[in-house]
Each structure stands twice: as C-alpha cells, then as structure tokens.
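Peer 1: One structure, as structure tokens, below. Some questions next.
The values are calculated or read from the model by the stated rules, or taken from the named source; none is laboratory data. Since the structure is predicted, the reported quantities are computational estimates derived from the model, not experimental observations. Cβ: placed from backbone, ideal geometry, glycine included. Neighbour counts: every protein chain shown. Areas reflect the complete protein model, heavy atoms only, side chains present, ligands, DNA and RNA absent. Shrake-Rupley method; radii C 1.70, N 1.55, O 1.52, S 1.80 Å.
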Amino acid sequence: MKPPTQTPPPGHRAPRRRIARDLIGLLLVSAGTVGLLGALYAAEPLVTLFLVGLALTVGGGTVLSIAPPLPPALRIIAGYCALTFGLWIFVGLALHLTPWSLLFALVLAVGVFLSSEGA
C-alpha cells in the first residue's frame, strides 16, 4: 500500500487559527491604510485624494471585471458605486487644479474610447 502523495493544506488542521490570522491581518491592513491616508492628508491633501480616487476607481473596475462569489446585483451595485465615487474624486481634483484639465481629460478619454473600438 502506497502512502498518500498529497498533504492536506496547512489551514486544514486549524481552521480557527487560520480565521483568526486572517481577521487580525485585515484589521492591521485597515488600520494601516486609514493611518497612512490620514498622515498623507495632513502632509498633502491633494495627493491623498488622488490616491483615494485611484483606489476607488481601480477597486470598482476590479469588482466589475472579476466574478467573486457575490450575487450579481450586489457586485454590480458595489462596482459601479466605487467606480463612480472614484471618478468624481478625480473630477473634483481636476477642477481644483485647473478647469482646463477637465476638458483635456475628456478629450483623452474620448480618444482612448475611439481608438480601442474594434472594427
């Protein structure tokens, strides 16, 4: 009789320890993110708003593009809300910097859209 060739995954033996480690990791990530954004906001508010807008836009696009085990309606609502809030932050930053940046950002977006369309 041959011994088994595959070993069980390491989290298989201690699910409570794995869950506790994941929860502590999520708590540390969230506390670190909030603290880092707070420190950046105290130093330079526009850079922080840019990073928040970038994170929301990328997160919303990612939620819409992948298929996590979420109900489709919830995935679409969460993805579009994050994407919309991120883009509004970008629009606000662009308007604060100079109103002309909105015009050229729109021209750039239309150009990318037209050049990426399939024939």
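One line per residue, one yes/no per condition, for (1) open to solvent by 80 Å² or more (accessible area, probe 1.4 Å); (2) within 22 Å of the chain's Cα centre (by Cα); (3) of a type in the set (Val, Ile, Thr):
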position: Gly35; (1), (2), (3): no, yes, no
position: Gly38; (1), (2), (3): no, yes, no
position: Val47; (1), (2), (3): no, yes, yes
position: Leu108; (1), (2), (3): yes, no, no
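Peer 1: Further question: Quick test for you: out of Val58, Val52, Val29, pick the one residue that is assigned to a helix (DSSP H, G or I), touching a helix residue (DSSP H, G or I) at 6+ places or on another chain (Cβ under 7 Å) and not polar (S, T, N, Q).
Peer 2: Exactly one residue qualifies, and that residue is Val52.
Peer 1: Among (1) farther than 22 Å from Leu95 by Cβ; (2) under 12 Å from the mean Cα position of the chain (by Cα), which single condition is Val29 missing?
Peer 2: (2)
Peer 1: Inspect all residues belonging to the range 81-94 and state whether any of them is farther than 27 Å from Leu36 by Cβ and open to solvent by 70 Å² or more (accessible area, probe 1.4 Å).
Peer 2: Scanning the range 81-94, I find no residue that is farther than 27 Å from Leu36 by Cβ and open to solvent by 70 Å² or more (accessible area, probe 1.4 Å), so the answer is no.
Peer 1: Something else about it: Restricting attention to the range 61-92, report how many residues are in a helix (DSSP H, G or I), farther than 24 Å from Leu103 by Cβ and touching a helix residue (DSSP H, G or I) at 6+ places or on another chain (Cβ under 9 Å).
Peer 2: 11
Peer 1: While we're here: With the structure loaded, tell me whether Gly25 is among the small types (Gly, Ala, Ser) and surrounded by 11 or more Cβ atoms within 10 Å (Cβ to Cβ) or whether it fails that test.
Peer 2: no
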